[in-house]
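*Asks:* Sharing a structure here in structure tokens format.
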């Protein structure tokens, strides 16, 4: 004879409806008393539900993603009568004896008065002859790989971060104290996986190295007429870079508005005085970027290939996103800090023409410190530009608009330019990004500052 004992969720403090994030055992496994069966994760901690007795796991009552609370039955364990132990003490006495006969319940005022052998198990007392049969686990597991000694050691925040990226923590080597997996370890794994995926097969077909679902294969011609055109070489290259940057860099975008009323009036006057030289707002943005990079050196920096060191640059090369018929390219204006507005305007016109004529050399697009992506000539109120690695930030510019602005006494019409600063949160925190964006906007609001 054997008895089936319930393993229940113990006291987990004030946490309720805690999700199950890992199944540590499978049906049919032999478990020891106090061995972890499943892992729960609250918003602040992870915890394991231990086996209430040694025996053979006959059924898992929960699956990944289920929400449980104190007293929830998570598993049924079969034990020999000679070693049978009571149901977890957190179970209410009524629930523990509900399966006994009416006569036994009436003659036994308390659970302690009922002999252990006389208590039928919840499974054997049922009427379903298949209830005690082993069931197929909800998820296929290698039991050895998920035993407590082999479970990855990581904080709840890191586990959440890994799940969002589709990273299997079991494959990540922890470099923290006692082998603990850190956020940096996850980032390093992602970087290595992407590199391996790009080297071995297209990311779209294999899901890269992140256990992503394969790209859907659809016969679009079943739904109507179609036409197939190959992607341009520029879009293939830039697309792969953008996908890598978006996946590997924790992007955050800070929005700001710059009052460019005076700047625009001065720009138009420059155009009148220099009719042969087109002066666009972009040259002022370049000068504002240089001033902001000097004031906030961490924006003029890059992480090295290990991700452990920050390289501060002593030069100021500004990348300018140029829209061409074949796709987006980002040529670089070098030593922008050493050039005046008219010189920048001339160089900007030349390099933009080279980009549209497909005459850019590789060196023309290397060495950038900070990029500017301007959509002001097209429209829009804001957007989230993707950082051009190994840079740590990029400024997006949308279409300027005349708005009423309070000057302390009355509203007056001012030309406002929307700014969208995307930054790498590994290097730059939110407060510093807000200060950078504000400083950038002030440079444009009073162009005299650019002369300081």
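The values are calculated or read from the model by the stated rules, or taken from the named source; none is laboratory data. From a predicted model like this one, the values you see are computed outputs, not experimental measurements. Every residue, glycine among them, receives a Cβ derived from its backbone with ideal geometry; neighbour counts consider all protein chains shown.
*Asks:* Considering only residues that are in a helix (DSSP H, G or I) and at pLDDT below 80, look in the range 171-182 and name the one that is farthest from the chain's Cα centre (by Cα).
*Replies:* Selected residue: 178.
Here is a yes/no grid of residues against (1) at pLDDT 95 or above; (2) surrounded by 14 or more Cβ atoms within 10 Å (Cβ to Cβ); (3) not assigned by TED's automatic domain parsing to the domain that holds residue 293:
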| position | (1), (2), (3) |
| --- | --- |
| 417 | yes, yes, no |
| 420 | yes, yes, no |
| 423 | yes, yes, no |
| 426 | no, yes, no |
| 432 | yes, yes, no |
| 435 | yes, yes, no |
| 438 | yes, yes, no |
| 441 | yes, yes, no |
| 446 | no, no, no |
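*Asks:* Here's another thing I want to ask about it. Listed residues 219, 259, 304; which is surrounded by fewer than 11 Cβ atoms within 10 Å (Cβ to Cβ) and either modelled with pLDDT of 95 or more or touching a strand residue (DSSP E or B) at 6+ places or on another chain (Cβ under 7 Å) (or both)?
*Replies:* 304
*Asks:* Being at pLDDT below 90, under 30 Å from residue 401 (Cβ atoms) and either touching a strand residue (DSSP E or B) at 6+ places or on another chain (Cβ under 6 Å) or not assigned by TED's automatic domain parsing to the domain that holds residue 446 (or both): is that true of residue 238 here?
*Replies:* yes
*Asks:* Tell me the residue from 372, 333 that is in contact with a strand residue (DSSP E or B) (Cβ under 7 Å, 6 or more places away or on another chain) and under 21 Å from residue 251 (Cβ atoms), please.
*Replies:* 372
*Asks:* Whether any residue in the range 280-290 is part of a loop (DSSP other than H, G, I, E, B) and either modelled with pLDDT under 95 or in contact with a helix residue (DSSP H, G or I) (Cβ under 8 Å, 6 or more places away or on another chain) (or both) is what I want to check.
*Replies:* yes
*Asks:* So, in the range 318-331, exactly how many residues are surrounded by fewer than 19 Cβ atoms within 10 Å (Cβ to Cβ) and in contact (Cβ under 8 Å) with a residue 24 or more places away in the chain?
*Replies:* So the count comes out to 5.
*Asks:* Ok, one more. One residue is enough: does the range 351-364 have a residue meeting the conditions in contact (Cβ under 8 Å) with a residue 24 or more places away in the chain and within 20 Å of residue 443 (Cα to Cα)?
*Replies:* Within the range 351-364, not a single residue is in contact (Cβ under 8 Å) with a residue 24 or more places away in the chain and within 20 Å of residue 443 (Cα to Cα).
*Asks:* Further, regarding this structure: Does residue 158 meet the test of being modelled with pLDDT of 75 or more, under 23 Å from residue 240 (Cα atoms) and in contact with a helix residue (DSSP H, G or I) (Cβ under 7 Å, 6 or more places away or on another chain)?
*Replies:* No: the conditions fail for residue 158.
*Asks:* To continue, here is another question. If you go through the range 1-16 one residue at a time, do you hit one that is more than 21 Å from residue 155 (Cβ to Cβ), surrounded by 13 or more Cβ atoms within 10 Å (Cβ to Cβ), touching a strand residue (DSSP E or B) at 6+ places or on another chain (Cβ under 8 Å) and at pLDDT below 85?
*Replies:* Checking the range 1-16: at least one residue is more than 21 Å from residue 155 (Cβ to Cβ), surrounded by 13 or more Cβ atoms within 10 Å (Cβ to Cβ), touching a strand residue (DSSP E or B) at 6+ places or on another chain (Cβ under 8 Å) and at pLDDT below 85.
*Asks:* Considering only the range 54-70, I want to know if a residue exists there that is farther than 27 Å from residue 162 by Cβ, modelled with pLDDT of 90 or more, surrounded by 15 or more Cβ atoms within 10 Å (Cβ to Cβ) and in contact with a helix residue (DSSP H, G or I) (Cβ under 7 Å, 6 or more places away or on another chain).
*Replies:* yes
*Asks:* Looking at the range 315-365, what strands (runs of 3 or more DSSP E) fall wholly within it and have at least 3 residues that are closer than 13 Å to residue 234 by Cβ? Let's see the steps before the verdict.
*Replies:* On the way: elements: 318-320, 322-324, 327-329.
In the range 315-365, 322-324, 327-329 are the strands (runs of 3 or more DSSP E) which contain 3 or more residues that are closer than 13 Å to residue 234 by Cβ.
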